[in-house]
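The values are calculated or read from the model by the stated rules, or taken from the named source; none is laboratory data. Because the structure is a prediction, the values reported are computed rather than measured. Heads up, the Cβs are rebuilt from the backbone with ideal geometry, glycines too, and the neighbour counts pull from every protein chain shown. Quick note on the areas: whole protein, heavy atoms, side chains included, nothing else; ligands and nucleic acids left out. Shrake-Rupley method; radii C 1.70, N 1.55, O 1.52, S 1.80 Å.
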Amino acid sequence: DVVCFRTPVSVVTLLTRAAEDAPDHTALSVKRDGDWVNWSYEKYLEDVRCVAKAFIKLGLKVGQGVGIIGFNSPEWFFSDLGCVFAGGLAAGIYPTNSADACKYVLANCKANIVVVEDEKQLAKILQIKDSLPELKKIVQYIGKPSAPGVLSWDELLDIGDGEEDEALETRITGLAPNLCCHLVYTSGTTGPPKGVMLSHDNLTYTSR
C-alpha cells in the first residue's frame, strides 16, 4: 500500500496556492500566429475563475458535466478547471469521436455545457444538440462560431468578467478533496464507454 503523509487538498486549493507562491512564473504557453502567448500562474488562476463564473451564469449545475472536445490548448485547461471550480464534472471527449459517440458521453454526464475547439468539432455537436435536454450552451474556443447561439471564447470571458465572485465562492465552499470532479471515459472497445470517477485528491496527489 502507498501511504501519503500530506493532507489531501482540492484542485482549487492546489492551483490557488501555486498562484500565491509563484504568481509570475510561466504556467502555460502556446504558439498563436507565429508568436508565443504565455500565462503566468496568477493569470492562469484568474482565467480559470473567470470561466467558472461564466459557466455558473450559463447554467452549470453542481455535479453535472462540461464536455470538452479538442486538442491540447490553454482553453482546454481553463474549461476543465473552470468546471471543477464551479462544482461540475469535467469530461474530456476524444477529438476523433463521431457525433454519436459524443452524444453518449454528453448524455451520460448530463452535460450542461460543451466546449469545442473549432468548426469541425462544433459540427458534431450541432448534429446531436437537440437530443441532449440538459445542454444549455455551446462554446467554441478557436475561431468565430458560424452557428447562431454558439459563444466564442472572448464572449465567454466577457460573461465571466461581468459576474461577481459570490456565486463562485459558494460553489467552492461546497467542494472537498474526496469529491468527484472529473469523469474520464474509457475508449468503449468492450462496450459503451464508462465514466471513471476521479476525485480532487486523486488529481492533486498524482500531480505532486
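Only one entry in THR13, THR26, THR7 is closer than 20 Å to THR170 by Cβ and among the hydroxyl-bearing types (Ser, Thr, Tyr), namely THR13. Contact map, the stretch 114-129: first residue farther than 20 Å from PHE78 by Cβ and in contact (Cβ under 8 Å) with a residue 24 or more places away in the chain, second residue part of a helix (DSSP H, G or I) and open to solvent by 50 Å² or more (accessible area, probe 1.4 Å), Cβ cut-off under 6 Å, separation 6 or more or different chains; pairs are ILE128/LYS103.
Does the stretch 160-168 contain at least one residue that is exposed (fewer than 13 other Cβ atoms within 10 Å of the Cβ), over 27 Å from THR16 (Cβ atoms) and more than 15 Å from the chain's Cα centre (by Cα)? No, that holds for no residue. Take LEU156 and tell me if it is touching a strand residue (DSSP E or B) at 6+ places or on another chain (Cβ under 8 Å) and more than 22 Å from LYS57 (Cα to Cα). Taking the combined requirement at face value, the residue does not satisfy it. Contact map, the stretch 54-76: residues that are of a type in the set (Lys, Arg) paired with residues that are at pLDDT 95 or above and assigned to a helix (DSSP H, G or I), Cβ distance under 9 Å, separation 6+ or inter-chain. Pairs shown: LYS57/ILE159; LYS57/GLY160; LYS57/ALA167. Of the helices (runs of 4 or more DSSP H) contained entirely in the stretch 1-116, those carrying at least 3 residues that are more than 12 Å from the chain's Cα centre (by Cα) and crowded, with 19+ Cβ neighbours inside 10 Å fall at 11-21, 41-58, 99-108. Residue count for the stretch 119-142, restricted to those that are farther than 24 Å from LYS57 by Cβ and surrounded by fewer than 17 Cβ atoms within 10 Å (Cβ to Cβ): 5. The set of residues in the stretch 179-208 that are of a type outside the set (A, V, I, L, M, F, W, C), outside any helix (DSSP H, G or I) and open to solvent by less than 50 Å² (accessible area, probe 1.4 Å) comprises HIS182, TYR185, GLY188, GLY191, PRO193, GLY195, SER199.
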